[in-house]
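Below is one structure, written out as structure tokens; comments come after it.
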Amino acid sequence: MPVSCCLTLQHETKQGSRAGSTLLKHAQLENRAYLSVSEYPDAEMEALVSAAATMSGQAATVVLEDFGVFIALPLTNMYGHLIPGEWKTLDVIEKTEETIHNVVRVQTPGAKPPVLHAIRRSEGEVVLIYGSPRKLCAFAIGIVRGVAKHFNETIEVTQTKCIHHGAPHCEIVFRKGWKFRSLTSRNCRFRVHLEREQQTGDSREWPAVTVAIAL
């Protein structure tokens with residue numbers, strides 16, 4: 001699924017049917033038609049991202065991450081048959097290269113998904129090594145956030161190295177995050193129980209945190 005095609009689709013989904021053509025015009029690609037089964041030059045993708053950033057007043061990295069979140073659901077639907085039912089977000093990150101990306105390269109001539117290297121440090125943490133010349137690390141982070149949303153999980157993201165800052169590759173740490181377990185009220189105070197879910201589905205309860213609310 002080409003990035004260029006999906007960027008225009010995202011704009012139409014969020015801003016109306018004419019938003020895609022407006023984006024193409026700002027990118028000076030108004031005569032271009034994108035198909036989901038074809039590949040297109042990276043320069044066109046870069047022009048679309050730049051135009052979207054200018055139109056929205058956001059940094060290109062924000063545009064790319066937001067787009068990654070958007071495209072994650074279509075991708076999980078498209079390749080869901082490759083994802084075992086017991087997998088969660090960190091499993092998808094760890095196994096994407098050997099499952100999904102290998103299939104994409106075989107089934108879609110010309111497709112160039114990045115070569116990913118994932119290190120599973122623990123049940124709750126995966127380190128992703130990303131070194132694509134496209135330098136779309138923000139897009140990758142967005143996809144993971146979208147996948148986590150699909151699985152109804154909270155994922156913490158820490159980028160320790162970035163090719164945009166001179167590193168030879170990006171190093172991104174993904175950890176399972178905190179969730180609200182329960183919320184109860186007593187004498188204008190709220191007791192918030194936090195838990196960190198484990199990969200097995202078990203959880204570890206932590207002491208309640210009492211937050212005073214001034215009325």
>> Under the rule of at least 5 residues apart or a separate chain, name every residue whose amide H is placed under 5 Å from the amide H of residue 117.
In response: 129
>> At 0.36 nm per residue, and after removing the present C-alpha to C-alpha distance, how many nm does the segment from residue 122 to residue 82 gain when stretched out fully?
In response: 12.1 nm
>> Output wanted: per-residue J couplings in Hz (rounded whole) for the stretch 158-165, from phi through Karplus 6.51 cos²θ - 1.76 cosθ + 1.60, θ = phi - 60°, x for Gly and Pro.
In response: 10, 9, 9, 9, 8, 5, 6, 10
>> Please list 3J(HN,Hα) in residue order for the stretch 85-102, calculated via the Karplus relation 6.51 cos²θ - 1.76 cosθ + 1.60 where θ = phi - 60°; whole Hz, with x for glycine and proline.
In response: x, 7, 6, 10, 4, 5, 5, 4, 4, 5, 9, 4, 4, 7, 10, 5, 5, 4
> Distance in nm between label sites at residue 53 and residue 28, each 7 Å beyond Cα in the beta-carbon direction?
Replying inline: 1.7 nm
> Ranked highest first by average number of other Cβ atoms within 10 Å, how do 128-141, 84-97, 108-121 line up?
Replying inline: 128-141, 84-97, 108-121
>> If Rh is defined by the Kirkwood formula over all Cα pairs and Rg also comes from Cα, what ratio Rg/Rh do you get for the stretch 61-176?
In response: 0.93
> Given H placed on each backbone N at 1.01 Å, which residues far from residue 167 in sequence or on other chains put an amide H within less than 5 Å of it?
Replying inline: 162
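Readers should treat all values here as calculations from the given coordinates under stated rules, not as data from a laboratory. What you see is a predicted model; the values in this text were computed from it and never measured. Note: ideal-geometry Cβ built from the backbone for every residue, glycine included; neighbour counts use all protein chains shown.
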